[in-house]
1. Within the stretch 69-126, take every residue that is of a type in the set (S, T, N, Q) and surrounded by 17 or more Cβ atoms within 10 Å (Cβ to Cβ) and give me the one that is farthest from Phe142 (Cα to Cα).
2. If I filter the stretch 87-102 for residues that are within 24 Å of the chain's Cα centre (by Cα) and farther than 20 Å from Asn54 by Cα, do I get at least one hit?
3. Across the stretch 103-150, which residue is farthest from Ser78 (Cα to Cα) among those that are over 20 Å from the mean Cα position of the chain (by Cα) and of a type in the set (S, T, N, Q)?
4. Would you pick out the residues in the stretch 145-163 that are in a loop (DSSP other than H, G, I, E, B) and not small (Gly, Ala, Ser)?
5. Checking the structure you have, find out if any residue of the stretch 106-113 is farther than 20 Å from Ala181 by Cβ, β-branched (Val, Ile, Thr), without any contact (Cβ under 8 Å) to a residue 60 or more places away in the chain and in contact with a strand residue (DSSP E or B) (Cβ under 7 Å, 6 or more places away or on another chain).
6. Which fully enclosed helices (runs of 4 or more DSSP H) of the stretch 76-144 have 1 or more residues being in contact with a Ser or Thr (Cβ under 9 Å, 6 or more places away or on another chain)?
7. Exactly one of these conditions fails for Ser84: (1) modelled with pLDDT of 95 or more; (2) touching a Gly at 6+ places or on another chain (Cβ under 8 Å). Give me its number.
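The values are calculated or read from the model by the stated rules, or taken from the named source; none is laboratory data. Predicted model, so just to flag it, every value in this text is computed and none were measured. Backbone-built Cβ (ideal geometry, glycine too); neighbour counts: all protein chains shown.
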Amino acid sequence: MAQRDPEEESSDGQVERLGERGHRPSRRRFGKAALGGIPALLTLRSQPLRAAGNCSISGFASANSGESETESCGGRGSEYWSGSLSKQDFPEWARNQNEPVDSEYGFPELVNAGNITLQEAVEGAASELLRAGTAALLNAKFILGYTLTEEEVREIVTVTQRDGVYVTSAGDELTTSQVTAFFENTFDF
């Protein structure tokens, strides 16, 4: 291997001092800087961005503070689920619409639910939270690709109804009306 002169003229006529191995120091600094950024990238990869989308409750909570682009979450609203078309589209829903809201088919851990059916809940007979939450639960049961699972909907509704707030995994605290708005945000029509 040929020995390099410790001083070399650059393309612009400037004389640069080469490092121990014949590399320019700026090249070494660039390499060190690139390696120094890897832990930061790994941290971002291991922690999903909180405002990644409006279809998760954490994403909704963090994006709720400002204008952000929304995405389709795939859900149908309470107007759809309370109407006859939903019963035609989903015969299982037609068979179970008169189950109590606090039944195994609905929200089994709900306290003080009153004596209402799932159909009455989705019509808004109890509260806005139960109206939107029941629609979200039906989406989770029947709509392929809906953003939430039945378990997630049940937990969010049950905790919010019991405590008056829901705390996301990111630590954001949502009121009953904010949780209702989140569910409504997941409805496309």
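1. Step one: of the stretch 69-126, the residues of a type in the set (S, T, N, Q) are 70, 72, 78, 82, 84, 86, 88, 96-98, 103, 112, 115, 117, 119.
Imposing the further condition that a residue be surrounded by 17 or more Cβ atoms within 10 Å (Cβ to Cβ) reduces the set to 78, 82, 86, 96-97, 117, 119.
Working: Ser78: 14, Ser82: 14, Ser86: 10, Asn96: 13, Gln97: 13, Thr117: 18, Gln119: 15 Å.
The selected residue is Thr117.
2. Of the residues in the stretch 87-102, the ones within 24 Å of the chain's Cα centre (by Cα) are none.
Taking every residue of the stretch 87-102 in turn, none turns out to be within 24 Å of the chain's Cα centre (by Cα) and farther than 20 Å from Asn54 by Cα.
3. Asn112
4. Start the filter on the stretch 145-163 by keeping residues that are in a loop (DSSP other than H, G, I, E, B), which leaves 145-149.
The answer is Tyr146, Thr147, Leu148, Thr149.
5. No, the stretch 106-113 has no match at all.
6. Working: elements: 78-82, 84-89, 91-96, 118-123, 128-142.
Where helices (runs of 4 or more DSSP H) fall fully within the stretch 76-144 and carry at least 1 residues being in contact with a Ser or Thr (Cβ under 9 Å, 6 or more places away or on another chain), they are 78-82, 91-96, 118-123, 128-142.
7. (2)
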